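S.K.: The structure's right below; bear with me while I get my questions together.
The values are calculated or read from the model by the stated rules, or taken from the named source; none is laboratory data. Here the structure is a predicted model, which is why all the values come from computation and not from measurement. Here the Cβ is made from the backbone with ideal geometry for all residues, glycine too, and neighbour counts use every protein chain on show. Side chains included, ligands, DNA and RNA excluded: accessible areas come from the protein's heavy atoms. Shrake-Rupley method; radii C 1.70, N 1.55, O 1.52, S 1.80 Å.
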Amino acid sequence: MINILTFFLLMLAGTDNYAISRERMVEEQIVKRGITDEKVLDAMRRVPREEFVPDKYKPHAYIDSPLPIGYEQTISQPFIVALMTDLVDLEGGERVLEIGTGSGYGAAVLAEIAEEVYTIEILKPLADSSRERLAKLGYDNIKVLCGDGFFGWEEHAPYDAIVVTCAPGYIPQPLVDQLKVGGKMVIPVGESFQELVLVTKTEEGIKKENIIPVRFVPMKGEVEKR
Ligand code: SAH
C-alpha cells in the first residue's frame, strides 16, 4: 500500500502540470473554436506561456483570457494569439513583423513557425524584459526593438506578414508600405469598438476583411496625433 502511494506521489511530482494545462488549453480554447492548422496548434503546444506572465499569475497562465503584465498592458488571450497567427497564413520560412511585443508571447508563437520575427514595443521596460526572456528561452530568430511601431521597421522590410497587437484608430500607412504584395496583416482597428481586420496587399492596393470584434490596448505614439 505504502509502495503504491509512494509510486503515485513520485509520478505526480514528475508530471509537468503546465504541459497538461497547455495541452488542455489547445484542445478546449483553440481546437474547439475551429482552428485546424497543425502548425498553429503545434506552436501553441510548444510555447511555455507560464514563462511570459508575472509569477503571481503563473497558476492561471492557461486560462481563457488576457492577463496583466504590468505597465497597464496585457498578454493576449491564447485564442486571439492563435487566431491572429492562423489568419496570416504562415507556411514556414517567412519574415514577420509584430507591433506590440508586450510579454513576447505572441512573438514566440510566430517564431515557432516563421523564420525571422521582428517585434517592436514602445515601452522600454517591456521591450527590455521581453528581449531578455526570449533570449533565455532560446528564441534566437526574434529581434526586439524599442520604438513606435506606427513607423514599422524599415530596415528589414518588406515583410511576408504583419501582426499588430495594439489598436490604432486607422491603419498606419508605413505598415502597408512594408508589407509584401501577397502578404497579410492582421490588425485591430478602432477606439472603444475595435474590429480585427485582415489586410491583404495586392498589386492594386489592399483588400480588407473584418474578422471579429476585439478588445486590445490602444496603440500609443504617432497614431494618437492625427
Ligand atoms: N503580443 C503581446 C500583447 C501585448 S499588448 C503579448 O503576447 O504579450 C500590446 C502592446 O503594445 C503593449 O505592450 C503596448 O505597450 C504596446 N504598444 C502600444 N503602442 C505601441 C506602439 N505604437 N508601438 C509599439 N508597441 C506599442
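S.K.: Please list, in chain and number order, the residues 5+ apart from Q194 or on another chain whose amide H is under 5 Å from its amide H, with Hs placed from the backbone.
M.R.: V214
S.K.: Give me the number: length gained by fully extending E91 to K32, i.e. 0.36 nm times residue separation minus the C-alpha to C-alpha distance, one decimal in nm.
M.R.: 19.0 nm
S.K.: Per-residue HN-Hα couplings for the range 27-34, Karplus 6.51 cos²θ - 1.76 cosθ + 1.60 at θ = phi - 60°, whole Hz, x for Gly and Pro?
M.R.: The phi angles translate into 5, 7, 9, 10, 4, 4, 8, x Hz.
S.K.: Once phi is turned into ³J(HN,Hα) by the Karplus curve 6.51 cos²θ - 1.76 cosθ + 1.60 with θ = phi - 60°, what whole-Hz value does each residue of the range 149-158 show in order, with x for glycine and proline?
M.R.: Coupling constants for the range 149-158: x, 3, 8, x, 9, 3, 3, 9, 5, x Hz.
S.K.: A further question follows. Going through the range 151-181, which chymotrypsin sites (Phe, Trp or Tyr not before Pro) have at most 16 other Cβ atoms within 10 Å and a DSSP loop state?
M.R.: Y170
S.K.: Taking the Cα centre of the chain as origin, sum charge times position over the Cβ atoms of Lys and Arg (+1) and Asp and Glu (-1), and report the length of that vector in debye to the nearest 20.
M.R.: 540
S.K.: Check each of the GluC sites (Glu not before Pro) in the range 115-148 and keep only those in coil by DSSP with at most 16 other C-beta atoms within 10 angstrom; list them in order.
M.R.: Passing sites in the range 115-148 are E115.
S.K.: When only Cα pairs under 8 Å and 6 or more residues apart are kept, what is the percent relative contact order across the chain?
M.R.: Dividing the mean separation by the residue count of the chain yields 14 percent.
S.K.: Please identify the GluC sites (Glu not before Pro) of the range 136-226 that satisfy two criteria: DSSP loop assignment and at most 12 other Cβ atoms within 10 Å. Which are they?
M.R.: E191, E203, E204
S.K.: Quick one: which of K39/K207; K143/K208; K180/K208; K124/K225 span more than 23 angstrom between C-alpha atoms?
M.R.: K39/K207; K143/K208
S.K.: Could you check how much of the accessible area of the range 66-225 is carbon and sulfur, as a whole percent, using a 1.4 Å probe?
M.R.: After summing per-atom areas, the C and S share lands at 50 percent.
S.K.: Now for a different question. E204 to H156: FRET efficiency via 1/(1 + (r/R0)^6), r the Cβ-Cβ distance, R0 22 Å, to the nearest 0.05?
M.R.: After rounding, the FRET efficiency stands at 0.30.
S.K.: Related question: Helix-only estimate, please: 222 nm mean residue ellipticity of the chain, summing -39500 (n - 2.57) across DSSP H runs of length 4 or more and dividing by its residues, to the nearest 500.
M.R.: After summing the helix terms and dividing by the residues of the chain, the value is -8500 deg cm²/dmol.
S.K.: What do you get when you divide the Cα radius of gyration of the range 61-107 by 2.2 N^0.38 Å, with N the number of residues?
M.R.: The range 61-107 yields a ratio of 1.24.
S.K.: Follow-up question, since we're still on this one. Using the heavy atoms of the protein chains and a 1.4 angstrom probe, tell me the accessible area per residue for the range 33-74 in square angstrom.
M.R.: Averaged over the residues of the range 33-74, the accessible area is 54 Å².
S.K.: Turning to a different aspect of this structure: Provide the percentage of antiparallel DSSP beta bridges, counting only those with both residues in the chain; round to the nearest 5.
M.R.: The answer is about 45 percent antiparallel.
S.K.: Can you run phi through the Karplus equation (6.51, -1.76, 1.60; θ = phi - 60°) for the range 207-217 and list ³J(HN,Hα) in whole Hz, with x for Gly and Pro?
M.R.: Karplus values, whole Hz, x for Gly and Pro: 10, 10, 9, 7, 9, 8, x, 9, 9, 10, 5.
S.K.: Separation of the range 72-110 and the range 183-223 by C-alpha centroid, Å?
M.R.: Using only Cα atoms to place each centre, the spacing works out to 14 Å.
S.K.: Here is a further query. Suppose we take every Cα in the chain and form the convex hull; what volume per residue is that in Å³?
M.R.: Given the Cα convex hull of the chain, per-residue volume reads 133 Å³.
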